[in-house]
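Engineer: The structure follows.
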Amino acid sequence: MALFEKEVEITGGERITVRNLTWEEIEKLEMQGVDLRAPGVPPAKAITKVLRTIGIPAEKLKQMRPGDVAELYAEVLALSFADEAELKNSE
């Protein structure tokens, strides 16, 4: 699976780069009980695991507003489950 990155602007104008999860990372998270395809709002612990998996430090997440954390999580899932051809066309 190719890696795709996207910059997301959060509150205060800071930009954070997120990327898609690899299939191996998705499998590992699912084995840890994180259901990435579940409808609704996931537990905070699941969001934290996903964002830490792509390299965002826990300390950084603690400093961020909940809405910004949720936006980053949504972007990671969008990149992870989008059609690869669709992502290449949007670059």
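Engineer: Per residue of the stretch 2-13, in order, report the coupling 6.51 cos²θ - 1.76 cosθ + 1.60 (Karplus, θ = phi - 60°) as ³J(HN,Hα) in whole Hz, putting x for Gly and Pro.
Structural biologist: For the stretch 2-13, the Karplus curve yields 6, 8, 10, 10, 8, 8, 10, 8, 10, 3, x, x Hz.
Engineer: Nearest 0.05, what FRET efficiency do ALA44 and PHE81 give at R0 = 25 Å with Cβ-Cβ as r?
Structural biologist: Computed FRET efficiency for ALA44 and PHE81 comes out at 0.75.
Engineer: Skip the ligands, DNA and RNA, and give the accessible area per residue of the chain with a 1.4 Å probe, whole Å².
Structural biologist: 64 Å²
Engineer: Short version: ³J(HN,Hα) in whole Hz for each residue of the stretch 37-53, in order, from phi by Karplus 6.51 cos²θ - 1.76 cosθ + 1.60 (θ = phi - 60°), x for Gly and Pro, what are they?
Structural biologist: Calculated HN-Hα couplings, in order: 9, 5, x, x, 7, x, x, 4, 4, 5, 4, 4, 4, 5, 5, 5, 4 Hz.
The values are calculated or read from the model by the stated rules, or taken from the named source; none is laboratory data. All figures in this text were calculated on a predicted structure; none of them were measured in a lab. Please note: Cβ atoms are built from the backbone with ideal geometry, for glycine as well, and neighbour counts cover all protein chains shown. Ligands, DNA and RNA are stripped out before the accessible areas are found, and what is left, the full protein with its side chains, is counted by its heavy atoms. Shrake-Rupley method; radii C 1.70, N 1.55, O 1.52, S 1.80 Å.
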